[in-house]
Every structure is written in structure tokens, then in C-alpha cells.
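Colleague: Sharing a structure here in C-alpha cells format.
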Amino acid sequence: MNQRPSSTPRDHNPHLHSLLCETAEMNAESGVRPFLADRIMNRIQALNQPEEQLWQTLWLAFRPVALASMLLILGFVSYNTFVSRNYEVEPTPTEIVFGLQPLTLTTAYSANLDEFSLTTP
Amino acid sequence: MTHIPSDDTLIDRARRGDQNAFREILERHQQLVARTVAGMLGASADVDDLVQEVFIRFYKTLDRFRGDAACSTYLTRIAINASLDALRRRKRMRLRFVSRDDETITLPEPGFRDTETDRFDRAELINLAMNKLKPHHRAVVVLRLVDGYSTAEAAEILGIPQGTVLSRLSRATARLRDILGPILAEEE
């Protein structure tokens, strides 16, 4: 049983106090149906299940697509990394991963990036 | 010797997904929560649903429980808030569907005995008298007189100053004494 705070109010009628406690206990006894803990745990398990089931279903249904996508992404990143080795200006990691031309003061204000080729011939 | 884990240990385990730990918290505190909710709602079929609701809310907010207050205090706060919400819903339903005539309390003839029937009659009168109190006054009565929390703890649970707790308690007990005067006099 949980611990009850020990302090008692000073300005109350002890009979009223005992009547209120007795009534609350009776209300609780009559209001709570059996196996409360079991019913609550069942509801909690039901709360957890839909999300888990959804992820499992999604993973099972799209596993081939997800694996293929991951391989494709890895391929692109490897290719971009390989290409970025040839840049004269050192690109940032983001530019390497996304295969972007390194941004310099010249290229930022240039209307045509081709005029300022950053790759070695 | 069997080691009894503290509430904080059980909460930590429950946070990590240990449902047995949560069940132990539940079994440890279900009587406190049931008494609080039953004190607020009276003899009602809603008590069971609301007790369930309190523990579900607690489970959903386990990550937010920082341990500043005791687990029992935190659960009592959820129980009081859920009960106040239920009383508000009940009031709205009553205004919409039930006669607005004031429920009158008929006190029995003096001479209560300690039989089972008399205990039920007396409990029914106490419930009717508690229904006459405003929900926020009822919350103070339940916390102070039924659950036995101190003024400071009741103030913390309700998020109000201690002075307000004392004034609400004083008004509520005066009202209860007015309504239940003959029964209380008889008990004395």
C-alpha cells in the first residue's frame, strides 16, 4: 500500500474526517471493478501495439525498396565523393555528398558557372 | 531478504519499457488513486474509467516525470485534474439534459446504528453533501481530509497558494457541517 502523508488538519471535526474517509473508501470499493491492474496493462499494451505493428508492416512491405534506395543513395554519394577529388577548390562535406560545385566568391556572383570551371581539365 | 525497489527505480525501469515495473507502480498506488477519484466523483460508475484514465495519462507522461515530487503526489495531481475535468463534463451534461431543480437532501431521523444499511445511507448522505460543494472546494477536502496531505502539499498539487487552500477548506467544512449537522452531532 502506498504511503499516506502523515499530517492531519487542525481545524476539522474528527467525525467528519472519519465519515469522509469511510465514504471515499466505500465509493472506491463499489466503483472499481475487479482486475483493474490487468485491464490497465491491457490498455497500455494496446497503446503500444499499433505503432509497432505499423513499423513492422511498413518495413516488411517496403524492405526491397528501402534496401535498393539505400544502395542507390550510397552509390550517388560514392560517385560524388570520387568526382569532388578533381575540384581545385576544396569543397565542404555537404557539397561533396550532394555533388555540388564548391561555392567561391567568384561563382557566387557568376551568372554562368561554366565560365568559371573549377575542375581540372 | 527481499529488496523492495523505490518508485523512482520502478519509473526508470518503466521508462526503458519494462512493463512489469509499471505494473508494480500501478498496484502500489491504485488504492490511493481510486480513493482520490471516488472522493471527488462520489459513488459513480465513472470511477473505474477515470482511475484507468489516470494511469494511462501517467504512462504517457512518464518521460516528463522529473522526480521533483513523489510519485504518489504526481499521481494525485493527475487524479484531481482528471476528476475536475469529469465534473465539468458532468455539469455540462446535467445542464443540458437534467432538470435544473436543486437536489434536496433529506436527513434521516436521528438514531443511526452501525449496521451495513446505515453505513450505506450515511455514505449516500455524505456523497450528496459533497456534491453540494464547488469542485475546487471538493478537491481541497479530498486532498486534506481524505488523502491526508498537508496544506503545503495540497497547495502544490492544486497549484494554488496555501492561504487559498486554507480558506477553501474552511468554507467547505463549514458547508459540510451545515448540511450534515445532525449526523455529526449524533456521532459525537
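Colleague: Can you spot the lysines whose alpha carbon is less than 26 Å from B:Lys91's alpha carbon? Ignore those fewer than 8 places along the same chain.
Modeller: Within the straight-line limit of under 26 Å, B:Lys91 reaches these lysines: B:Lys132, B:Lys134.
Colleague: Further question: Taking the alpha-carbon centroid of each part, what is the distance from segment A:74-105 to segment B:137-188 in angstrom?
Modeller: Comparing the Cα centres of segment A:74-105 and segment B:137-188, I get a distance of 72 Å.
Colleague: Using Cα springs under 10 Å in a Gaussian network model of chain B, which residue among B:Thr164, B:Thr76, B:Thr173 shows the largest mean-square fluctuation?
Modeller: Comparing B:Thr164, B:Thr76, B:Thr173 in a Gaussian network model of chain B, the most mobile one is B:Thr164.
Colleague: Further question: Rank these for me by crowding, A:Glu95, A:Glu29, going from fewest to most other beta carbons within 10 Å.
Modeller: Ascending Cβ contact count within 10 Å gives the list A:Glu29, A:Glu95.
Colleague: Comparing B:Met130, B:Met40, B:Met93, which has the greatest mean-square fluctuation in the GNM of chain B with Cα pairs linked when under 10 Å apart?
Modeller: Looking only at B:Met130, B:Met40, B:Met93, the biggest GNM fluctuation is shown by B:Met93.
Colleague: Let me ask something else. Mind checking the mean number of beta-carbon atoms from other chains within 10 Å of the Cβ atoms in B:120-133?
Modeller: Partner-chain Cβ atoms within 10 Å, mean over residues of B:120-133: 3.
Colleague: Okay, moving on. Just to compare against my own numbers: the Cα pair-distance distribution for chain B, 10 Å bins, whole % per bin, please.
Modeller: 8, 31, 32, 20, 8, 1, 0
Colleague: Could you tell me what fraction of 2.2 N^0.38 Å the Cα radius of gyration of segment B:1-99 comes to, as a two-decimal ratio?
Modeller: 1.23
Colleague: Any idea what the dipole of chain B comes to, in debye rounded to 20, about its Cα centre with Lys/Arg Cβ at +1 and Asp/Glu Cβ at -1?
Modeller: 1000 debye
Colleague: Can you give the mean number of other chain Cβ atoms that lie within 10 Å of the Cβ atoms in peptide B:137-147?
Modeller: 4
Colleague: When B:Arg171, B:Arg66 are ordered from fewest to most other Cβ atoms inside 10 Å of their Cβ, what list results?
Modeller: Arranged by neighbour count, lowest to highest, B:Arg171, B:Arg66 become B:Arg66, B:Arg171.
Colleague: Summarise the partner chain shielding of B:170-176 as one whole number: the mean count of Cβ atoms from other chains within 10 Å of each residue's Cβ.
Modeller: Mean shielding by partner chains, rounded to a whole number: 2.
Colleague: So what's segment A:35-116 giving for Rg/Rh, alpha carbon basis, Kirkwood Rh from the mean inverse pair distance?
Modeller: That ratio is 1.41, to two decimals.
Readers should treat all values here as calculations from the given coordinates under stated rules, not as data from a laboratory. Predicted model, so just to flag it, every value in this text is computed and none were measured. Note: ideal-geometry Cβ built from the backbone for every residue, glycine included; neighbour counts use all protein chains shown.
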